[in-house]
Each structure stands twice: as C-alpha cells, then as structure tokens.
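Dropping a structure here in structure tokens format, bear with me for questions.
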Amino acid sequence: MKVKFDIECTPEEARKFLGLPNVEPMQEALMAELEERMRDSMSSLDPETMLKTWLPATIQGWGEVQKMFWDQMGMGGAGMPPADDKKK
C-alpha cells in the first residue's frame, strides 16, 4: 500500500510546521560579515602587494632572482653571453 501526499507550502511554512528554528537572521549576519571580510581582503589581490608578500625583502629586482636561480643551479651565470652581444 502506497500513500502519497503533495503539500504545497513555502519554506517558511514548512519550517514552522515542523518546528524548526528560523535561521534567516543568523544567515544574513554571517553573509554581511563574509562580505566585509572579502572587501577587506581585496586589497591583497593587488599585484604589487602580492609580490611584496611572496618575495623576501632582500630581492630588489628580477635580475637578482635570475642570478639566485643560476647560482642554485651551479652555473653562477658562467658561459652565458652578455645581454648586449647578438649573434649575426
């Protein structure tokens, strides 16, 4: 035996009928706080701020990054032609 009920009601009516608490004010407060935090963190998405955060303060330019890379690879920049030499 199967019994089927179709009940049309709003979520608020169903919540009241089942005795569930109304969490809408809490959700609105949390969403407002989340929105405020997201707006505050938008400033950290600035490319200059990201580079300052990610790279150590001792690295002043990409040239130093490249030199550090070559030093770590054990080449120390040896064998590389100067930047102004062009092959013809």
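Nothing charged except the Cβ atoms of Lys and Arg (+1) and of Asp and Glu (-1): what's the magnitude of the dipole of region 1-44 about its Cα centre? Round to the nearest 20 debye.
Details: 6 positive and 10 negative charges, 70 e Å.
About 340 debye.
Would you mind calculating the gained length between SER41 and ALA14 on full extension (0.36 nm times residue separation, minus the Cα-Cα distance), in nm to one decimal? Working shown, then result.
Working: separation 27, 0.36 × 27 = 9.72 nm, distance 3.81 nm.
Going from the current span to full extension adds 5.9 nm.
Tally Lys/Arg at +1 and Asp/Glu at -1 over every other residue whose Cβ is under 10 Å from the Cβ of CYS9; what's the total?
Details: positive: ARG15, LYS16; negative: GLU8, GLU12, GLU13.
Net local charge, CYS9 excluded: -1.
Further, regarding this structure: What residue among THR49, PHE69, ALA29 has its Cα farthest toward the positive end of the dipole of region 11-72, where the charges are +1 on Lys, Arg and -1 on Asp, Glu, each on the Cβ?
Selected residue: PHE69.
Treating only the Cβ of Lys, Arg, Asp and Glu as charged (+1, +1, -1, -1), what charge dipole size does region 11-72 show about its Cα centre? Round to the nearest 20 debye.
Working: 6 positive and 12 negative charges, 42 e Å.
With Lys and Arg at +1 and Asp and Glu at -1, about 200 debye.
Here, each number is a calculation from the coordinates, and none is a lab measurement. Note that this is a predicted model, so its numbers are computed, not measured. Ideal geometry is used to build each Cβ from the backbone, glycine not excepted, and the neighbour counts take in all protein chains shown.
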